[in-house]
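Here's the structure, in C-alpha cells; my notes come after.
The values are calculated or read from the model by the stated rules, or taken from the named source; none is laboratory data. Keep in mind it's a predicted model, so treat the numbers as computed, not measured. Note that each Cβ is placed from the backbone with ideal geometry, even for glycine, and that neighbours are counted across all protein chains shown.
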Amino acid sequence: MSFERTLQVELDRVGIHGALARRIQAELSDHRRCDPEAPLGDPRELAERFAADLRAPLTRRAVRHGFAALALTGLLLVVVAAVYSATDQWARLDVFGARGAVVAAGGLAIMIGAQVAFVTGLLALAPLVLGRSDQASLLLAQRRLAAALVSASVVIGAELTQTVAQRHLLPGWLVVLSMIAAVAPLPVLVSAAHTLRIARGLTPAVPVRGLFPTPLLAGVAFAAIAAMALGSAVVEGSAAEGLSRGAIEAVAIAGCFALFARPLGLRR
Amino acid sequence: MRAESLKGHLDALVLATLGDEPLHGYAVIEALRARSEGAFDLAEGTVYPVLHRLEADGLLTSSWSTVAGRRRRVYRLSRRGRAALGRQRAEWQSFARAVESVLA
C-alpha cells in the first residue's frame, strides 16, 4: 500500500476525516513532491501524533466559540425580554388561547434550556481554565459543551416557535427583532459544534471520574431553587407564583441531574 | 541532534522560523535545517502536527497558495504568535544564560 493510502487509513482510524484529512494529505503529498525520499515517518505514528497534538487545542477552540455563542444567546434573550417589558408586550401574549400551550411550553423550554446551557457551559470551561489537557478532562469538557450547545439550540428553537405562534399579536418590528435575536448566535454556535465534532473524533473514550461530592451538589441545587422561588415571589409580588416556579425549578434540576450527573462528571 | 533534545523547544523553533516570512511545511523544515547548520535534522513528518497545533492555538494562520500549479499550505505568524515568540525568546535567553553561567 502506498504511503498516501496508508496515511489515509491511519488518519481515519484516529478520527481525522473530511477536510482536515484532505488538507493533511495534500500537505504531505506536496512535501513528497519536493523531496520524494523525505523521511516523513511511519503513517500510523504520524496520524497518532496529529490526533494527540490537535485534540486539546481544538477542544479549547470549541469551548471558546461555544461559550461566545452561549453568551450571545443569553444576551439577546435578555435584550428581547427587556424590549417586551419596556413596550408592555407581555400582556398581549395569548397564554390561555389556542396557542397558549405552545407559548407555555416554549417558556418552560427557554427557562430550563437557558439554565442547563449556562451551567454546562461554565462546567465545560472549568477543566480548560484549570489548565487540564489529559484525555479524561478533554472528554468531560466536550460532553459538557455538547450538552450546553444542545440546550442553547433548544432555547433558540423555543424563541422562534414562540415568536411564530404569537406573531399575529405582536407588532411587526418586534417579530422581526425577536427572529433576528434568536438566529443571530447560530453561526457561532454551528462553528463551535463543527469544531467540537472534530475534537470529539480525536479523543478516545476513557473513564471519567466525577468531581463534586453529593452534599455540595445538593447545596448548589437548593440555592438555585431558593433563588428562583424568592426571586419570582419578589418580582411577581406573589408567594404562590414563587412557590410554583420554585417547584418547577426543583423538578427540572432533579431531572437534569438524573440525566447528566454521570456523563458530565459531576457526581463523585 | 536527537529529536528528544528538541522536545519542548520545537514550538519556539517553528515560530522563530516563521518570524521572518510566511513558509510552507517543507520550507519550514529546510529553514530549520539550514539555520541550525544541519543540527536539527528532524523526522520531517513531526513538523506538520506542530504546525497544525500552533494554528489551532491561534499562534499561526495559514492559507492555500498555488506555485507552479501545485497547491501549498503557507503558514504565517499571527499577532498572538509573534507575542508568544517574544516571550519564548526571552525565556530561552534567560535559561541559556543561567546554564552557561553554571557550566562555564
Exception for A:ALA21 within (1) small (Gly, Ala, Ser); (2) under 20 Å from A:ALA193 (Cα atoms); (3) in contact (Cβ under 8 Å) with a residue 24 or more places away in the chain falls at (3)
Might you check whether a residue that is under 30 Å from A:LEU202 (Cβ atoms), in contact (Cβ under 8 Å) with a residue 12 or more places away in the chain and either surrounded by 13 or more Cβ atoms within 10 Å (Cβ to Cβ) or among the small types (Gly, Ala, Ser) (or both) occurs anywhere in segment A:29-36? yes
Sole miss for B:ARG53 among (1) surrounded by 13 or more Cβ atoms within 10 Å (Cβ to Cβ); (2) more than 9 Å from every other protein chain (Cβ to nearest Cβ) is condition (2)
Screening A:VAL116, A:VAL150 for residues that are in contact (Cβ under 8 Å) with a residue 24 or more places away in the chain, among the hydrophobic types (A, V, I, L, M, F, W, C) and assigned to a helix (DSSP H, G or I) leaves only A:VAL116
Inspect segment A:11-19 for any residue being closer than 19 Å to B:SER63 by Cα and assigned to a helix (DSSP H, G or I) and give the result as yes or no.
yes
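Taking the condition of being of a type in the set (Val, Ile, Thr) and at pLDDT below 85, how many residues in segment A:186-215 meet it? Steps first, please.
Our first condition is that a residue be of a type in the set (Val, Ile, Thr); within segment A:186-215, this holds for A:188, A:190, A:195, A:198, A:203, A:206, A:208, A:214.
If we keep only those that are at pLDDT below 85 as well, we get A:206, A:208, A:214.
Of the residues in that region, 3 qualify.
Evaluate the following for A:ALA86: is it loosely packed, with under 13 Cβ neighbours inside 10 Å and either over 30 Å from A:GLY157 (Cα atoms) or more than 9 Å from every other protein chain (Cβ to nearest Cβ) (or both)?
On the way: loosely packed, with under 13 Cβ neighbours inside 10 Å: yes; either over 30 Å from A:GLY157 (Cα atoms) or more than 9 Å from every other protein chain (Cβ to nearest Cβ) (or both): yes.
It is true that A:ALA86 is loosely packed, with under 13 Cβ neighbours inside 10 Å and either over 30 Å from A:GLY157 (Cα atoms) or more than 9 Å from every other protein chain (Cβ to nearest Cβ) (or both).
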inquiry  = Looking for something more than 12 Å from chain B (Cβ to nearest Cβ) and either under 18 Å from A:GLN142 (Cα atoms) or touching a helix residue (DSSP H, G or I) at 6+ places or on another chain (Cβ under 8 Å) (or both) - is there at least one such residue anywhere in segment A:51-64?
reply    = yes
Quick count over segment A:178-192, residues being more than 16 Å from A:THR161 (Cβ to Cβ) and either touching a Pro at 6+ places or on another chain (Cβ under 6 Å) or assigned to a helix (DSSP H, G or I) (or both), is 6
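Tell me, which residue of segment B:28-49 that is touching a Lys or Arg at 6+ places or on another chain (Cβ under 9 Å), crowded, with 18+ Cβ neighbours inside 10 Å and at the interface with chain A (Cβ under 10 Å from one of its Cβ atoms) is farthest from A:LEU58 (Cα to Cα)?
Of all residues in segment B:28-49, those touching a Lys or Arg at 6+ places or on another chain (Cβ under 9 Å) come to B:39-42, B:45-46, B:48-49.
If we keep only those that are crowded, with 18+ Cβ neighbours inside 10 Å too, we end up with B:40, B:42, B:45-46, B:48-49.
Remaining after also requiring at the interface with chain A (Cβ under 10 Å from one of its Cβ atoms): B:42, B:45-46, B:48-49.
Working: B:LEU42: 25, B:GLY45: 20, B:THR46: 19, B:TYR48: 16, B:PRO49: 13 Å.
In this case the residue turns out to be B:LEU42.
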Of the residues in segment B:58-72, those that are facing chain A (nearest Cβ under 7 Å) and either surrounded by 20 or more Cβ atoms within 10 Å (Cβ to Cβ) or part of a helix (DSSP H, G or I) (or both) come to B:ARG72
